[in-house]
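Here is the structure we will look at, set down as structure tokens.
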Amino acid sequence: MFPFKSAIIEYKYEASMKGTHVKYIDDWGYKQADYIYKQLNFGGNEEKEYEIIILIGTKAYTINLQKKEVAIGRNETYNYYLLNQDRKCTDVSEALIKAEGFKAVGTENYLEKECKVWKAGKAKKLSWNGVALKSETFFMTMMVEKATRIKINIDIPAEKFAIPQDVKYISSDTYQGYSGLELDFSNTTKNDSKTKGNTKVTFSTGSLQSCDNFEYFTPNGEKVTIEGDNDYNKIDNRLIKSQQQFLLSDKTELPRYSTAIFETNDGSFGKLQINEIDKNGFNFRYVVFNSDGTIKKYSAETNELLKDDFDFVQNKNRLKIEITPKGKAKCLILGW
């Protein structure tokens, strides 16, 4: 996504906004984290926004530090890079800027970097190698965000991409980026200067209807698509580990279509959901993860699930499953 492997970019807010923003980039943009602390003064009313946005490939973790909540959804911007891998990374990033209504009007030197200048009415952006280094926007009031320091190709601490342990998961199909956007790069000849490099941009609401199943991988690289309802298709090892302190050793009931996350006696994390349940019995879909987030084991149909860690019994009306942890095992039913 970027022509450099890693970066730390420090920003500050000015005009009607105050605060700081630090952006961490690693693995050529596959991993990104934005730590945002800002205060907006609008008509004498002050609004605070303290959040962390972590992007890992197609996944997006949006963490509200004020409410102590984390939601998981899609990083739509990454999808556009995957769909346009024959283009330069700056082609895609600049197409996304154009999608906001900006037009390139020249270049400007900023922080010893030659930046491309973009304008849309009174709004202005400076971009360098696909990264916005300065933006001036007007929405009832002036808001300015500008980079103050850039470090390129340095080691990024792994904990910058970890979800804090004191935040609670909320069910959400949160999108980061440009969900519903379609980029159409024109195939033009070198001699066609009028249309060369044009990008058609359209929006479609079709992709906003739900969060599709994410892909997971086994340690040997086997791609696995985990089917499930509601939260189940989104939850991964990173999210479950962040919820460790909320896991309980108490008996609980799992309703149909909701998802349980758990920790086994050997310290592995996983998720489960009722696959089938009726008067004749029940079975589960489940996944247990390795510590690196790859899949340790999974199944779509079994009644012999984790028998050393949990007891599973249908309740009286046979519409729910009672889960009783054994030993040090714990679990939590996610709300939806």
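Among residues belonging to segment 30-52 that are of a type in the set (A, V, I, L, M, F, W, C) and surrounded by fewer than 18 Cβ atoms within 10 Å (Cβ to Cβ), point out the one that is modelled with the highest pLDDT.
Only one residue tops the list, namely L40.
Scan T62, T77, T90 and give me the residue that is among the hydroxyl-bearing types (S, T, Y), in a strand (DSSP E or B) and assigned by TED's automatic domain parsing to the domain that holds Q32.
It is T62.
Can you work out which of the residues in segment 301-316 that are of a type outside the set (V, I, T) and surrounded by fewer than 15 Cβ atoms within 10 Å (Cβ to Cβ) is farthest from the chain's Cα centre (by Cα)?
Across segment 301-316, the extreme among qualifying residues is K316.
If a residue has to be at positive phi and part of a loop (DSSP other than H, G, I, E, B) to count, how many in segment 244-289 make the cut?
Count: 2.
Applying the selection to segment 296-336, what residues are aromatic (F, W, Y) and assigned to a loop (DSSP other than H, G, I, E, B)?
Answer for segment 296-336, where residues must be aromatic (F, W, Y) and assigned to a loop (DSSP other than H, G, I, E, B): just W336.
Is it true that some residue in segment 125-143 is polar (S, T, N, Q), modelled with pLDDT under 85 and closer than 20 Å to Y11 by Cβ?
Going residue by residue through segment 125-143, those that are polar (S, T, N, Q) are 127, 129, 135, 137, 141.
If we keep only those that are modelled with pLDDT under 85 too, we end up with 141.
Restricting the remaining residues to those that are closer than 20 Å to Y11 by Cβ gives 141.
Among the residues of segment 125-143, at least one is polar (S, T, N, Q), modelled with pLDDT under 85 and closer than 20 Å to Y11 by Cβ, which makes the answer yes.
Here is a list of conditions, (1) farther than 30 Å from N233 by Cβ; (2) out of contact with any Ser or Thr (no Cβ under 7 Å at 6 or more places or on another chain), and V117 meets all of them except one; can you say which number that is?
Among (1) farther than 30 Å from N233 by Cβ; (2) out of contact with any Ser or Thr (no Cβ under 7 Å at 6 or more places or on another chain), the lone unmet condition for V117 is (2).
Can you confirm whether K68 is within 29 Å of S172 (Cβ to Cβ), touching a residue at least 60 places away in the same chain (Cβ under 8 Å) and of a type in the set (D, E, K, R)? Can you show your working first?
Numbers: within 29 Å of S172 (Cβ to Cβ): yes; touching a residue at least 60 places away in the same chain (Cβ under 8 Å): yes; of a type in the set (D, E, K, R): yes.
Taking the combined requirement at face value, the residue satisfies it.
Tally the residues that are touching a residue at least 40 places away in the same chain (Cβ under 8 Å), out of contact with any Asp or Glu (no Cβ under 8 Å at 6 or more places or on another chain) and among the β-branched types (V, I, T), restricting the search to segment 279-321.
Final tally of qualifying residues: 3.
Give the residue, chosen from S299, S249, that is at pLDDT below 90 and of a type in the set (S, T, N, Q).
Exactly one of S299, S249 is at pLDDT below 90 and of a type in the set (S, T, N, Q), namely S299.
Can you tell me which of K234, K271, K328 is at pLDDT 90 or above and within 22 Å of T174 (Cβ to Cβ)?
K271
Could you tell me whether any residue of segment 261-273 is small (G, A, S) and in contact (Cβ under 8 Å) with a residue 60 or more places away in the chain?
Looking through segment 261-273, none of the residues is small (G, A, S) and in contact (Cβ under 8 Å) with a residue 60 or more places away in the chain.
Checking the structure you have, find out if any residue of segment 32-55 is in a loop (DSSP other than H, G, I, E, B), within 23 Å of G130 (Cβ to Cβ) and either small (G, A, S) or without any contact (Cβ under 8 Å) to a residue 40 or more places away in the chain (or both).
No, that holds for no residue.
Does N153 meet the test of being at pLDDT 95 or above and in contact with a Lys or Arg (Cβ under 7 Å, 6 or more places away or on another chain)? Talk me through it step by step, then tell me what you get.
On the way: at pLDDT 95 or above: yes; in contact with a Lys or Arg (Cβ under 7 Å, 6 or more places away or on another chain): yes.
In short, yes.
The values are calculated or read from the model by the stated rules, or taken from the named source; none is laboratory data. Not measured: the values here are computed from a predicted model. Reconstructed Cβ throughout: ideal geometry from the backbone, glycine too, with neighbour counts over all protein chains shown.
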